[in-house]
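Enquirer: First the structure, then my questions, so here it is.
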Amino acid sequence: MDNLEPGSDLFEINGIRNNTELEEVEMRENAEESLNYDMVPPVANNPKPQMGQYFSSLNDGLEFYNAYAKEAGFSIIRKEYVCFKQGKGSLIEEAEKSRRRVNIFVEGHNHTLSTQRKTHLLRSHREVSSAQKCLSQQFSMVNIPTHQQYNFLGVQAGGFENIGCFQKDLYNYQRDVRKELKGHDAEMFREYLKSEEEKNPSFTYTIDVDDEQRIYRVFWADATSRRDYALYGDVVVFDTTYNTNRYKLILAPLMGVNNHGQTIIFGCAFLSDETIPSFVWLFKQILQAMPGDAPKMIITDQDPAMTNAIAQTLPKRFHRYCSWHILNKFSEKLDAFYKWLESMFEIRLKWVPVYTSHVFSAEMSSSQRAESSHSFFKKYVQEENSLLDFMVQFDRGLQKQRHEALIADNKDVIEKTKLKMFHNILVQMVDIYTNEIFFKFQRELLESFNYKFQIISETDTLRLYKTQRKNLETDKGRQVSYEKDLDHISCSCNKFERMGIPCRHILAYLHKYTDFEKLPSEYILKRWSKSTKSKTVIDQGGMEIVDDRTYFLERSRLSQCCLGVVNKALTSEEAKQILIDALSSAEEKINLLIASSGSEKKDNYTVDYSTSGKRKKMVDCVTDVEMTEQANCYREPNQAREKGCGKRFKGGKEKATGSGKKFEGRLCKGYNQRGVGHDIRTCPKLAGVSLSQS
């Protein structure tokens with residue numbers, strides 16, 4: 001190729017350029033003139049290189065010659081654009097020079113050419129296309145293994161030979177992506193959180209780093225979580241879990257229950273340790289970020305660090321221990337049962353139901369919801385996840401969880417609940433309560449008709465009743481109090497106080513002693529109603545917290561529109577060509593619009609909001625050196641030490657039963673001893689007996 005315009009942007013090959021400003025880039029089989037070129041590919045003149053043919057850039061020449069090679073049945077390497085049989089190509093550097101022209105073209109080959117059926121196996125004709133890369137990223141988001149991804153591509157393409165790449169190429173692509181992201185995980189994690197905040201200002205996050213600028217602790221909560229906290233944050237469950245990321249950071253979600261009785265996430269954190277300062281930091285972030293008051297009750301296990309941190313940050317709130325964990329330890333404390341039982345008695349106010357029933361708990365007495373939630377999210381996140389991958393996968397799990405709530409909301413609207421009996425109260429409450437809560441209320445109301453009352457005592461302000469189930473003398477009964485001044489009814493079972501639903505005893509009193517046409521509003525807890533989510537939520541800064549689903553709705557609308565056009569275009573070749581031309585024209589216009597506005601480029605990063613992504617990929621190749629020189633650069637966290645990862649301590653049950661003793665070696669039945677360094681198969685004593693007998 002000749003050098004024609006010395007001032008234009010081009011590429012050149014090292015060592016070819018001479019003093020006359022000429023670049024000779026040869027397209028040939030071999031530079032040795034003495035070889036015989038017996039194999040001439042039967043290719044038409046249209047895709048065949050011609051002497052004197054011009055290319056505006058080296059890449060254009062490569063693309064043209066590679067297309068010709070595919071027709072001819074051979075692969076190429078980037079040297080002088082030669083057949084791959086000639087050997088390994090030399091390095092190519094970028095330059096700003098001229099157009100190219102074909103200077104030498106040797107058509108013949110001295111080897112057998114590949115058939116058209118096998119050309120897809122040659123290296124220069126194998127490539128993971130951009131569409132396949134996009135699909136691969138989407139499959140990875142839902143944890144589909146690479147070999148299954150390749151099988152799907154084979155089905156989609158109508159055969160493995162039509163995919164355009166090997167399964168190994170797909171593995172190599174994913175390896176290259178991981179290599180590209182290596183060392184940038186912390187910064188990309190921050191960019192992810194930053195982009196979420198830009199999409200919706202109600203998204204909040206805080207990153208705490210150590211002296212080396214390594215990520216140490218992180219807290220985040222999106223708009224939906226913050227709204228949910230304002231509506232249902234009166235009771236929260238807090239627990240930690242492990243093995244969710246490659247740095248072994250401890251995942252600490254804050255959970256609760258919505259008006260359908262479903263588990264929801266209020267916020268989440270990564271911690272490097274489970275110490276008092278870390279938990280104090282986290283609870284302060286929660287109080288600062290969440291709208292409304294602190295929770296009335298917080299349920300945790302008996303972790304001492306959590307207990308101390310809650311005492312410091314939430315001193316006036318009821319801290320309840322998980323009763324399941326405590327009761328489960330009975331069998332583990334056989335050797336020191338009485339001492340342990342005494343310690344449990346000392347903290348009875350924190351876990352025994354009779355001492356906790358006066359505080360609203362949404363009928364939760366343990367952290368089992370947290371355990372179930374951990375199990376649910378571990379279907380999405382894995383121990384090998386980077387921080388960025390974790391956020392993408394965790395968000396998938398969160399969307400799935402919220403979709404279940406959306407399904408329940410929809411059922412409340414479109415489905416008419418069948419009443420077990422016609423009663424004015426049921427007619428009233430079926431329109432107020434969600435279905436899940438209404439079924440519980442209906443059960444209480446039906447049971448309320450089976451109770452009788454007896455006055456125990458009466459004063460000027462208080463009347464006390466004993467209520468007992470009819471025809472059941474063994475029933476211990478409950479005490480129902482009526483406060484005359486307040487016109488308020490309460491029951492000793494405390495179901496309304498702990499659950500927020502009137503118990504059967506209160507409902508029975510209303511039947512007998514009042515005009516029970518409608519349930520008084522003081523016995524209706526709004527958090528269980530269908531209309532709870534219509535409430536306006538304002539944060540501490542006076543800003544309304546609104547779920548921002550505009551981006552996803554718009555993307556879904558465009559995807560459905562495009563899919564409909566594609567299905568119509570597949571009906572004929574002419575229709576397909578019209579669609580391809582229209583898409584090419586639209587892409588050019590969109591690229592020009594993006595280039596002119598520069599709206600998506602921020603701080604040397606391109607934020608990718610596509611489904612294949614939510615993965616922020618660095619463009620313009622930001623190097624490790626450039627990253628370290630940034631003043632506010634975050635570095636990957638150190639490996640965290642999980643609680644209990646040191647020496648294993650034996651439990652009480654293990655000590656009492658004698659299990660877990662140190663292994664003393666194999667038993668040799670010849671010596672009837674352990675630890676003699678052999679067993680019955682290699683015992684010298686038995687070997688001697690065998691020899692003497694023979």
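Enquirer: For segment 435-528, what does the accessible surface come to per residue with a 1.4 Å probe? Please give it in Å².
Expert: Dividing the accessible area of segment 435-528 by its residue count gives 55 Å².
Enquirer: Taking only protein heavy atoms and a 1.4 Å probe, what accessible area per residue, in Å², does segment 126-181 have with all protein chains in place?
Expert: Details: 3160 Å² over 56 residues.
In whole numbers, segment 126-181 has 57 Å² accessible per residue.
Enquirer: Something else now. Which percent of the accessible heavy-atom area of segment 126-181 goes to carbon and sulfur, probe 1.4 angstrom?
Expert: The C+S portion of the solvent-accessible surface of segment 126-181 is 55 percent.
Enquirer: From largest accessible area down, sort LYS118, LYS339; use a 1.4 Å probe on the protein chains.
Expert: On the way: LYS118 115, LYS339 160 Å².
Largest to smallest exposure gives the sequence LYS339, LYS118.
Enquirer: Let me ask something additional. Report Rg/Rh for segment 126-181, rounded to two decimals, where Rg is the Cα radius of gyration and Rh the Kirkwood radius.
Expert: Result: Rg/Rh = 0.94.
Enquirer: OK, next. Take peptides 192-204, 409-421 and line them up by average Cβ neighbours within 10 Å, highest first, as a rough protection proxy.
Expert: Those peptides, ordered most packed to least, come out 192-204, 409-421.
Enquirer: At 1.4 Å probe size, with every protein chain present, just tell me what the per residue accessible area of segment 311-399 comes to in Å².
Expert: Normalised by residue count, the accessible surface of segment 311-399 is 54 Å².
Enquirer: Work from the charge dipole of segment 435-528 (Cβ charges, +1 for Lys and Arg, -1 for Asp and Glu, about the Cα centre) and give the residue of LEU519, ILE456, SER492 farthest towards its positive end.
Expert: Going by the charge dipole, the pick is SER492.
Enquirer: Let me ask something else. Counting only protein heavy atoms and using a 1.4 Å probe, what share of the accessible area of segment 239-376 belongs to carbon plus sulfur, as a whole percent?
Expert: Of all accessible area on segment 239-376, carbon and sulfur atoms account for 56 percent.
Enquirer: What ranking of MET51, MET141 comes out by heavy-atom accessible area, probe 1.4 Å, highest first?
Expert: Heavy-atom accessible area, descending, gives MET51, MET141.
Enquirer: Holding the Cα-Cα limit at 20 Å, pick out from LYS420/LYS495; LYS440/LYS526; LYS296/LYS526; LYS248/LYS329 the pairs that are longer than that.
Expert: Distance filter (> 20 Å) returns LYS420/LYS495; LYS248/LYS329.
Enquirer: Here is a follow-up. Can you send over the solvent-accessible area of LYS329, 1.4 Å probe, protein chains only, in Å² to the nearest 10?
Expert: Approximately 60 Å² for this residue.
Enquirer: Order of 433-446, 311-324, 471-484 by packing, highest average Cβ count within 10 Å first?
Expert: Descending mean neighbour count gives 433-446, 311-324, 471-484.
Enquirer: Given a 1.4 Å probe and heavy atoms of the protein chains only, how would you sort LEU153, LEU593, largest accessible area at the top?
Expert: Details: LEU153 5, LEU593 115 Å².
Of LEU153, LEU593, the descending order of accessible area is LEU593, LEU153.
Enquirer: In segment 435-528, carbon and sulfur make up what percent of the accessible area (probe 1.4 Å)?
Expert: On the way: 2310 of 5160 Å².
Carbon plus sulfur share of accessible area: 45 percent.
Enquirer: Placing unit charges on C-beta atoms (Lys and Arg positive, Asp and Glu negative, everything else neutral), compute the dipole magnitude of segment 315-427 about its Cα centre in debye, rounded to 20.
Expert: 460
Enquirer: Please report the spacing between the Cα centers of segment 257-280 and segment 484-552 in Å, no decimals.
Expert: Result: 25 Å between the Cα centres.
Enquirer: Further question: Calculate the dipole size of segment 346-410 relative to its Cα centre from +1 charges on Lys and Arg beta carbons and -1 charges on Asp and Glu beta carbons; express the result in debye to the nearest 20.
Expert: Dipole about the Cα centre, nearest 20: 160 debye.
Enquirer: Mind jotting down the distance between the C-alpha centroids of segment 331-396 and segment 404-437, whole Å?
Expert: Here the answer is 31 Å between Cα centres.
Enquirer: Same structure, new question: Using a simple charge model, +1 on the beta-carbon of Lys and Arg, -1 on the beta-carbon of Asp and Glu, nothing else, what dipole does segment 211-341 show about its Cα centre, in debye to the nearest 20?
Expert: Roughly 180 debye, rounded to the nearest 20.
The values are calculated or read from the model by the stated rules, or taken from the named source; none is laboratory data. The model shown is predicted, which means the values in this text are computed figures rather than measured ones. Here Cβ is always computed from backbone atoms with ideal geometry, including for glycine, and neighbour counts include all displayed protein chains. These accessible areas exclude ligands, DNA and RNA; they are computed on the full protein's heavy atoms, side chains included. Shrake-Rupley method; radii C 1.70, N 1.55, O 1.52, S 1.80 Å.
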